[in-house]
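So the structure is just underneath, and the comments pick up after that.
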Amino acid sequence: MPRGACSRLTDRSAAALIFVVSAMVLAVVNIMQHGFDIEPCKLCLLQRYPYWFAVVVSAAVILQPGKLSSAGFMVMSIAFAAGAIVGGYHVGIEQHWWDGGGYCTSVDMGEMSEEDLYALIMATPPPSCDVIAWSLLGISLAGYNVISAVAMALFCGFKGFTSAARG
């Protein structure tokens, strides 16, 4: 976009853009999960919440742009920033920069009895967060989420400030 193009977007147009982008992100990850059997880990599921939240809040801003614009954009900015932090944490676990703290790491099956192994298999644990299920150009889905969530947080924050400045 040319310089200043974001500030020229009306609040309703910006909210519609946020709605469409968030819905597209959710559609893609759900197609990957249900259409291509790429099972999400716990952190992957957690990273979807800001997008669901943005769909709801941006729809409210579309319906009532004057009353909700500034606060709605700022709240979405905070939600996307939190999503970016979770995504960054997830990337760190995937790259083995730090441990997942037992929240979603792989289970060591070396010392397990047959009964324990059977119970583990029957419990069908979710995929481990430290295993990259899919990547493109060396960037995992968690990495793309960081990029997307940071961009959305910046855009929403900018729109929140410009809406507040307009009054």
Separation of the Val56 and Met112 label points, Cα + 7 Å toward Cβ, nm
3.6 nm
Rounded to two decimals, what is the ratio between the C-alpha radius of gyration of the range 5-166 and 2.2 N^0.38 Å?
1.24
Sequence gap at least 6, Cα distance under 8 Å: using those rules, report the relative contact order of the range 5-166 to the nearest whole percent.
34 percent
Scaled radius of gyration (Cα, divided by 2.2 N^0.38 Å) that the range 23-113 gives:
1.41
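The numbers here are math on the coordinates, done by the rules we state, and not lab data. Note that this is a predicted model, so its numbers are computed, not measured. Here Cβ is always computed from backbone atoms with ideal geometry, including for glycine, and neighbour counts include all displayed protein chains.
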